[in-house]
Amino acid sequence: MNGGGDGGEVTEAPPAGPQPPLEWKFSQVFGERTAGEDVQEVDIISAIEFDKTGDHLATGDRGGRVVLFERTDTKEHSGSRRDLERMDYPVSRHPEFRYKTEFQSHEPEFDYLKSLEIEEKINKIRWCQAANGALFLLSTNDKTIKFWKVQEKKVKKISAMNIDPSKAVGNSSASSSSVSSSPKPHLANGGYPDGSYGCLSNDMTFPAGGIPSLRLPVVTSSETSLVARCRRVYAHAHDYHINSISSNSDGETFISADDLRINLWNLEISNQSFNIVDVKPANMEDLTEVITSAEFHPTHCNMLAYSSSKGSIRLIDLRQSALCDSHSKLFEEQEAPGSRSFFTEIIASISDIKFAKDGRYILSRDYMTLKLWDVSMDSGPVATFQVHEYLRPKLCDLYENDSIFDKFECCLSGDGQRVATGSYSNLFRVFGCAAGSTEATTLEASKNPMRRQVQTPSRPSRSLSSSLTRVVRRGAESPGVDANGNSFDFTTKLLHLAWHPSENSIACAAANSLYMYYA
């Protein structure tokens, strides 16, 4: 990936060369397990998403819960810009988060028409634009999307009374008896015939200081509580399982995608959606590929991309037609001659796509690799990163235990200089994608992330594969073993991770634990 200008000819990166590899450090963990502790199925994290500011992080789990975290290291220094500049805080502060709130987003359901159980597992979470101090987000399970508003509500309490509760009981009973025992004649509008309307009855009890010392109960807002309220439910629009939702940059619409269709919704309208992509053939026996992921362009509200199980990405323009069956661009890599095997199509299936922040690049993850695509160049990927090439000899075993169908997510850094994705044994990998970068770091989701790191020699010895230091197809390691030389553990997989939008900070999920790292 070359650094270039705004348009025209792409130029090489400046002589300074690529940035040095980042040194990742452990920041926080939420929901850490003790040794030997069993993980409850419902607690396993199934979705992670930072909001656009990076000040909030949301996770969803298989039990249908959404948990929100908020950043704390920036709130401590709230003030005017001038004050902050005077304080001159060091730039080295890394993001720190704390638990904010949680709510039950989805419950298990049963589709009586199809006799199918719909599990409550959260498939995806996407943040929407915040407004009036409230947070908005979309969450979805296999069939139903929900639009949530999370807002602070002030709890009002009576903080002061001018009489003791013990006396108040006696006083109230005395006053009630005095009022009822001797009814006085009244005029219309409540006046007294003797003209004593300005005086009060002597048998009414008042504080010792008389009328001037009489005070009303004081109501104060002593604390705030967070309330999550479901504003909209978007249901009954998908025959197949929803695999993606994506908010549009216009702040008004979003898309939802299942295996065969992509629907366009307005956030305010829950009872209808527009079907914009439909790949369902007239005869289902002719079905050759399904939609695996879809995402809106980060700035162009008319553009979106979706990936398929055949390893292709289609870019579509909503201005072309109401039903976008024809794509404006198709990105796919041609198969190398003689390389086809039984597993070729299975491992080519793209499990996740992400636009870079500026929308110029698309990152895709298939089973074995990460690929970076330039949206203005559809001849092939500009870079390919080998995630776990040493698993290629084990594809048969992975097929037998269904691990080959695991759907790993991917993410890009805010500056577009690096990409990341997960693997097995709770490992994840970070690659540099700037021109000339050879950064390929292996990290473990634990309190010591660099424990599994392989030291790459500056000059590879003859025994090492040259792919270790190749610029484009790099990241491969010695076959048959993991980064630490141990047999691979397919039961612990790091499927979900997210990169902070403006800083080098990664949040990733290892079973029910949320780990956070910074560099």
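The values are calculated or read from the model by the stated rules, or taken from the named source; none is laboratory data. Quick caveat, the model's predicted, so the values are computed rather than measured. Methodologically, a virtual Cβ is constructed for each residue, glycine included, from the backbone with ideal geometry; neighbour enumeration extends over all protein chains shown. Surface accessibility is based on the protein's heavy atoms, side chains included, excluding ligands, DNA and RNA. Shrake-Rupley method; radii C 1.70, N 1.55, O 1.52, S 1.80 Å.
7 Å from Cα along Cα→Cβ at both residue 74 and residue 25: what's the point-to-point distance in nm?
2.0 nm
Report the local net charge at residue 60: Lys and Arg +1, Asp and Glu -1, summed over other residues whose C-beta lies under 9 Å from its C-beta.
With Lys, Arg at +1 and Asp, Glu at -1, the net is +2.
How much net charge surrounds residue 319 when only other residues with a Cβ under 15 Å from its Cβ are counted (Lys, Arg +1; Asp, Glu -1)?
Cβ neighbours under 15 Å give a net charge of -2.
Which parts of region 343-375 would a label at residue 502 reach, counting a residue when its backbone N lies under 17 Å from a point 7 Å out along Cα-to-Cβ?
357-358
Find, to one decimal place in angstroms, the Kirkwood hydrodynamic radius of region 312-374, where the mean of 1/r is taken over every pair of different Cα atoms and then inverted.
Hydrodynamic radius (Kirkwood, Cα only) of region 312-374 equals 13.4 Å.
Below 8 Å, C-alpha to C-alpha, sequence gap of six or more: please give me the relative contact order for region 17-71 in percent.
24 percent
Could you work out how far apart the two model spin labels at residue 220 and residue 94 are, taking each label as a point 7 Å from the Cα in the direction of the beta carbon, and quote it in nm?
So the label points at residue 220 and residue 94 sit 4.0 nm apart.
Please give the per residue accessible area of region 232-340, computed with a probe of 1.4 Å over protein heavy atoms only, in Å².
49 Å²
To the nearest 20 debye, what is the magnitude of the charge dipole of region 219-336 about its Cα centre, counting +1 on the Cβ of each Lys and Arg and -1 on the Cβ of each Asp and Glu?
Value, rounded to 20: 440 debye.
Within 10 Å, count the other beta carbons around each residue, average over each peptide in 420-429, 20-29, and list them highest first.
Top to bottom by mean Cβ count within 10 Å: 420-429, 20-29.
Relative to the Cα centre, what is the charge dipole magnitude of region 318-436, using +1 at the beta carbon of each Lys and Arg, -1 at the beta carbon of each Asp and Glu, and rounding to the nearest 20 debye?
About 380 debye.
Take the residue pairs 100/156; 146/280; 25/407; 100/447; 100/329; 52/114 and return only those whose Cα atoms are more than 32 Å apart.
100/329; 52/114
Quick one: pull the percent of accessible area on region 306-437 belonging to carbon and sulfur, 1.4 Å probe, ligands and nucleic acids left out.
Carbon-and-sulfur percentage of accessible area, whole number: 50.
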